[in-house]
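Before any comments, here is the structure.
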Amino acid sequence: MEQANSAPPGNAPAHRPFAQTFFHGTKADLRIGDLIQVGFTSNFKQDLRLNHVYLSATLDAAVWGAELAAGSGRERIYLVEPTGAIEDDPNLTDKKFPGNPSLSYRSTQPLKVVGELGSWQGHAAEQVQAMKEGLARLTEQGLNNIEN
């Protein structure tokens with residue numbers, strides 16, 4: 001009796017019809033094929049150059065990213081593909097939401113923009129304002145630090 005082998009023949013890549021979708025929320029104007037790379041200014045702290053790029057497997061986390069990003073550009077949510085290893089985002093995972101329920105990650109390798117969501121539902125204006133005020137209080141207390 002032959003044993004079934006699910007691996008593709010030779011070196012052919014395996015077809016993954018249900019690959020994980022990742023999101024990146026920002027106000028940056030990007031195009032499909034662009035790379036989001038380390039070394040640029042943080043979306044949230046203009047005086048900080050990042051050693052990581054951030055992504056999430058939940059749309060809600062990306063929406064917050066877009067809504068809280070500094071700048072006056074249009075809020076955008078991009079579909080991104082990591083080009084290297086990703087790890088849990090310690091700024092959320094261990095400090096605010098143990099177990100990573102927001103499915104927030106970071107990488108030292110670029111994220112490739114593979115699409116943009118044309119429409120999405122943001123949070124209520126009152127929620128966004130409350131979040132911004134809470135973050136401002138943390139900053140005043142010296143507690144809103146990004147582990148870079």
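The values are calculated or read from the model by the stated rules, or taken from the named source; none is laboratory data. These numbers were taken from a predicted model, which means no experiment stands behind them. Glycine also receives a Cβ, built like all others from the backbone with ideal geometry; neighbour counts cover every protein chain displayed.
Worth pointing out:
- A search for C-beta distances below 6 Å between a residue of the stretch 90-104 that is part of a loop (DSSP other than H, G, I, E, B) and of a type in the set (Gly, Ala, Ser) and any residue that is surrounded by fewer than 18 Cβ atoms within 10 Å (Cβ to Cβ) and at pLDDT 70 or above, counting only pairs 6+ apart in sequence or on different chains, returns Ser102/Thr58.
- Test: residue in the stretch 73-81 that is at pLDDT 90 or above, in a loop (DSSP other than H, G, I, E, B) and closer than 24 Å to Ala136 by Cα: yes
- Within the stretch 57-74, residues that are hydroxyl-bearing (Ser, Thr, Tyr) reach partners that are modelled with pLDDT under 90 with beta carbons closer than 7 Å, at six or more positions or on different chains, in the pairs Thr58/Ser102; Thr58/Leu103.
- Total residues in the stretch 107-119 satisfying the condition of being under 17 Å from Ile77 (Cβ atoms) and touching an Asp or Glu at 6+ places or on another chain (Cβ under 9 Å): the figure is 4.
- Of the residues Gln127, Gln141, the single one that is modelled with pLDDT of 90 or more, loosely packed, with under 14 Cβ neighbours inside 10 Å and more than 19 Å from Leu35 (Cα to Cα) is Gln127.
- Of the residues Ala62, Ala85, Ala70, the single one that is in contact with a Phe, Trp or Tyr (Cβ under 8 Å, 6 or more places away or on another chain) and assigned to a loop (DSSP other than H, G, I, E, B) is Ala70.
- Here Ala62 fits the description: at negative phi, touching a Leu at 6+ places or on another chain (Cβ under 9 Å) and modelled with pLDDT of 90 or more.
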